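Here's the structure we're looking at; comments come further down.
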Amino acid sequence: MLLMLAIAFLSIAAICSRLGSLGWILNDLSLHIRDALQIGGKKPFPPGPRAWPIIGDLHLLADRPHQIIRDLSGKYGPVVGLRLGKRRAIAVCTPATAREVLFTHDKIFANRPYFQVNEQFLYGRDTSVVFTSLCPAWRRNRKICTIALVTARRMQQLEHIRSEEVSFLLREIYEESQGGRKSVEVGRYVQLMTARLTLRMIDSEARFVPGIEGLLEMIKEVEHEFSSPLIGDFIPALSFLDVWKKIRVRRMHRRMDSILSALIVKRKQAMLTSSSSFDDLLEVLLSKEADQNGCAGSAAVVDALTVEEMKAILLEILGGGIITTALTIEWGLAELLKHPRCLQRVRMEIEEALPKKGDDLIREVDIVNVDFLKCMVKEVARLHPAVPMLVPRISTQECQIGGYIIPPQTLAFVNVWGISRDESVWPNALQFLPERFEGKDVELKGQHFELLFGSGRRICMGLPLAVSMVGLTLANLIHHFDWQLSEGQTPETLNMDESNGLNLNKAVSTMAVPKPRFMIAIANTLA
């Protein structure tokens with residue numbers, strides 16, 4: 001009798017599914033009943049917390065969701081089922097289930113969910129790389145960016161830019177600290193460095209950029225808005241609550257659009273008045289600009305880019321390339337300040353590998369064989385992943401994850417922060433122990449699912465550049481300065497709390513005194 005009533009309700013819900021909010025609520029209830037009765041012989045949706053009416057589990061994701069999901073995983077298992085308004089979602093919290101999402105079913109979970117914020121800010125759907133669905137435009141845009149920025153050959157060609165920006169960072173820190181007499185806000189200067197570096201890879205003429213601090217603050221505002229999608233994406237009936245957020249997003253979009261438009265116009269003018277070529281991403285993008293017929297010079301229509309697509313690509317690179325790398329560097333230096341033993345060991349191994357380096361700038365080739373530095377970078381990435389739950393994905397067809405049947409259009413989050421704190425995966429998981437990687441073939445390349453920065457076809461294309469910059473920057477900061485905590489602070493009292501956001505920001509900026517280690521002023525060592 002109960003089964004007959006349930007089937008009747010499911011039928012009514014199917015009929016009402018197009019009747020606005022009422023249809024959605026009935027359909028949502030039908031999903032609960034289908035799971036409870038395992039109709040069709042299928043296993044239920046993964047277990048999770050009891051959903052609230054209408055909003056489901058949205059309230060759980062308001063503040064540091066990676067921490068909440070990790071706690072829920074301890075109760076419900078490696079796959080946590082969630083209801084985010086009208087949308088279903090799963091969060092995977094073990095290397096095995098992460099492998100299923102990112103490798104076994106990579107193609108099924110290769111698409112990005114549609115969020116209105118992305119479309120409004122990134123010039124429409126499927127215009128960029130990170131938030132674009134798995135389509136020909138994505139393949140074209142990713143290929144363009146990869147060849148222009150992060151192939152092995154391109155990385156070698158752009159090495160001088162990275163070295164110059166690290167050298168300029170040392171100079172800034174030296175001057176701001178008045179030669180090591182006062183503390184500096186490390187994270188701020190590292191972010192300025194990564195902002196300049198990213199902008200120079202986009203526009204090779206942008207050596208010293210006036211107003212770079214304003215651009216950095218704007219990128220932080222963008223990150224803040226992207227960390228919380230519109231309510232209407234999950235609960236259409238409450239979309240009226242998004243009015244003010246939409247206004248803020250449109251305002252930020254106009255500001256960023258004016259910057260990108262000026263960048264493109266300036267380059268076009270330079271290309272008309274100069275016979276020299278520009279070795280940067282902007283040059284590559286403009287060479288593929290679509291004409292009135294949709295073609296880009298001799299290129300096929302499929303390879304041509306609109307101005308809006310070029311701006312979307314540039315915007316994503318600015319947003320993704322500045323904050324994440326800088327955060328990892330700041331977390332790394334903070335951990336070394338908290339663990340002086342590790343700091344001394346890294347410095348000792350650098351000096352042993354480079355006995356005649358002295359006050360010269362350390363370059364990437366110099367630290368290839370400094371193994372403990374590599375271990376330290378991996379440990380920072382493990383304990384403080386820049387994007388703690390990766391960029392969400394969405395399933396395109398039914399599949400099985402962790403023994404549960406996952407229906408189409410299910411959001412998927414990979415909680416790499418939770419995996420990195422799993423004692424069954426990492427003994428003494430909460431401790432900073434770079435030596436745990438000694439003698440182990442575990443790399444940040446998406447093949448080891450206990451240490452992730454992404455994997456599969458949607459892995460971060462800038463990963464090689466980020467890993468290189470983190471190691472190079474930390475090596476120079478360690479080699480050229482004797483870092484001391486601000487007065488009144490000790491390694492035990494150093495604040496290592498996290499703040500809320502899409503990225504893993506530090507709640508309190510790292511303040512330290514950089515004492516120069518060499519007689520020759522660092523201010524004069526600009527390469």
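Cβ-to-Cβ counts within 10 Å put MET461, MET155 in ascending order as MET155, MET461, the fewest first. Cβ crowding within 10 Å, taken as a proxy for footprinting-reagent exposure, orders HIS448, HIS480, HIS253 from fewest neighbours to most as HIS448, HIS253, HIS480. Stretching SER499 away from GLN447 to a fully extended chain increases their span by 15.8 nm, per 0.36 nm per residue minus the current alpha-carbon distance. Ranking THR493, THR510, THR306 by Cβ neighbours within 10 Å, fewest first, what do you get? Ranking THR493, THR510, THR306 by Cβ neighbours within 10 Å, fewest first, gives THR493, THR306, THR510.
Once the Cβ-Cβ distance of SER486 and ASP303 is raised to the sixth power relative to R0 = 56 Å, the FRET efficiency obtained is 0.60. A simple charge model with +1 on the Cβ of Lys and Arg, -1 on the Cβ of Asp and Glu and nothing else charged puts the dipole of the chain at about 1280 debye relative to its Cα centre.
Our helix-only sum for the chain, with -39,500 (n - 2.57) per DSSP H run of n ≥ 4 divided by its residues, gives a mean residue ellipticity at 222 nm of -15000 deg cm²/dmol. Ranked by the mean number of other Cβ atoms within 10 Å per residue, highest first, peptides 69-81, 412-424 order as 412-424, 69-81. Here each label is just a point 7 Å from Cα along the line to Cβ, and for GLN431 and GLU205 those points are 5.5 nm apart.
A straight Cα-to-Cα reach below 24 Å connects LYS311 with the lysines LYS143, LYS220, LYS245, LYS246, LYS266, LYS268, LYS288, residues fewer than 8 places away in its own chain not being considered. A compact globular protein would have a Cα radius of gyration near 2.2 N^0.38 Å; the ratio found for the chain is 1.04. Between GLU217 and MET348, the distance separating the two model label sites (each 7 Å from Cα on the Cα→Cβ line) works out to 4.5 nm.
Each reported figure results from applying straightforward, stated rules to the coordinates on display, with no laboratory input. Nothing here was measured: the structure is a model prediction, and the numbers come from that model. Here Cβ is always computed from backbone atoms with ideal geometry, including for glycine, and neighbour counts include all displayed protein chains.
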